[in-house]
1. Kindly list the number of the only condition in (1) closer than 20 Å to residue 342 by Cα; (2) among the charged types (D, E, K, R); (3) outside any helix (DSSP H, G or I) that fails for residue 302.
2. Return the only residue of 300, 320, 271 being over 25 Å from residue 230 (Cα atoms), in contact (Cβ under 8 Å) with a residue 12 or more places away in the chain and touching a strand residue (DSSP E or B) at 6+ places or on another chain (Cβ under 7 Å).
3. Take residue 181 and decide whether it is under 26 Å from the mean Cα position of the chain (by Cα) and either modelled with pLDDT of 85 or more or on the phi < 0 side of the Ramachandran plot (or both).
4. Can residue 311 be described as of a type outside the set (A, V, I, L, M, F, W, C), farther than 16 Å from residue 128 by Cβ and in a loop (DSSP other than H, G, I, E, B)?
5. Quick one: is residue 88 surrounded by 19 or more Cβ atoms within 10 Å (Cβ to Cβ), within 24 Å of residue 5 (Cβ to Cβ) and not charged (D, E, K, R)?
6. Under 6 Å between Cβ atoms, which residue pairs at least 6 apart in sequence (or on different chains) link something in the range 331-349 that is on the phi > 0 side of the Ramachandran plot with a partner that is in a loop (DSSP other than H, G, I, E, B) and surrounded by 10 or more Cβ atoms within 10 Å (Cβ to Cβ)?
7. How many residues, within the range 313-357, are among the polar types (S, T, N, Q) and within 23 Å of residue 281 (Cα to Cα)?
8. Mind checking which residues of the range 53-99 are touching a strand residue (DSSP E or B) at 6+ places or on another chain (Cβ under 6 Å), closer than 21 Å to residue 113 by Cβ and either in a helix (DSSP H, G or I) or of a type in the set (Phe, Trp, Tyr) (or both)?
Amino acid sequence: MTMRLLVATTNPGKVRELRAILADLGIDAILPGDVGLDLDVVEDGATFEANAVLKALAFADAADMPALADDSGLEVDALGGEPGVHSARWAPGSDEDRVVALLARLDAVPPERRSARFRTVAALAVPGRVIATAAGAVEGRIAAAPVGEGGFGYDPVFLVEDGGLDGTRTMAELDAATKNDLSHRARAVAGLGDAIGRLVATSSTPTVRTGAGASPALAIRPFRPTDEDAVVSLWRRCGLTRPSNDPRKDIARKSKVQAEWFLVGTLDETIVATVMAGYDGHRGWLYYVGVDPTHRGRGIGRAMLVDVERRMRALGCPKINLQVRTGNDDAMAFYRALGYAVDDVIGMGKRLIDDQA
């Protein structure tokens, strides 16, 4: 069975390249328009990987099928790595306008100092989680003027000095087969080969969630007192309760402090997720993040945290902190996929009230 993989882009140049690359792997590339999807993901990550993960997760969740996304850019050594992650919006206007801006910045830079590279990070995701990421790069040099009719973006001024090429041709002068053999995007996707292979081996053709027969939509709302039994039961199923903490007392305390930040997620009025959040004016905090085990892998946990992050940003919160118990590798992977990272700190605590007393 041929696997269908959603390509998380509408950029015509990327579409052409990724379709050809995936065809060689026996993958049927599906475009957002093919499944009636019109999604604009804000690429506000600080790295190529962060943006690729954002897009892959957003498209996989929205279409309920595996998705491949990439973020790529040009790094020019003489410009300190610029345009980098901002390549597509480094200068206003079209691709041609950005090429003109680049050449203007390098006008006084001699050929031997115009070293550069195209870099890509690709991410493969299924609803609710990222399976793998991989990076690829191709080395070269910036030409004095655009040459070639193929490619897109900065291709006409990128002289390729990689893959056996000697820097006499730009990326825009290469035929499609040669470019797909050595391009940064092809190398990144090749790095996902094992992950794609595992996905092909374990996946059937996915059902896209559209129109009639779609799964019920997740509704996120503040906790209500009548939710208590359902919430405590959910926490126990998720393994979030501990002998040292009485969950009902935690609920009672939260109901008195920023109660509006205690959120539940429901499907057809059934509580399937929770998050207990707060903001103290310095940092945001997350506790009791849980999704019913029978509903995991559907993007529900991510949707809950996206909602909390939106609320935090609206209040000017600069950073969210949370704690993960040692050895909970699944939780660590979940948070990392959403852009959270391990800080160089040690968590400490002091119990003031013994819930078991």
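The values are calculated or read from the model by the stated rules, or taken from the named source; none is laboratory data. From a predicted model like this one, the values you see are computed outputs, not experimental measurements. Reconstructed Cβ throughout: ideal geometry from the backbone, glycine too, with neighbour counts over all protein chains shown.
1. (3)
2. Being over 25 Å from residue 230 (Cα atoms), in contact (Cβ under 8 Å) with a residue 12 or more places away in the chain and touching a strand residue (DSSP E or B) at 6+ places or on another chain (Cβ under 7 Å) holds for just one of 300, 320, 271, which is 320.
3. Yes, satisfied.
4. no
5. On the way: surrounded by 19 or more Cβ atoms within 10 Å (Cβ to Cβ): no; within 24 Å of residue 5 (Cβ to Cβ): yes; not charged (D, E, K, R): yes.
Criteria not met by residue 88.
6. Taking only residues 6 or more apart or on different chains, not a single pair turns up.
7. 2
8. 77, 84, 87, 90
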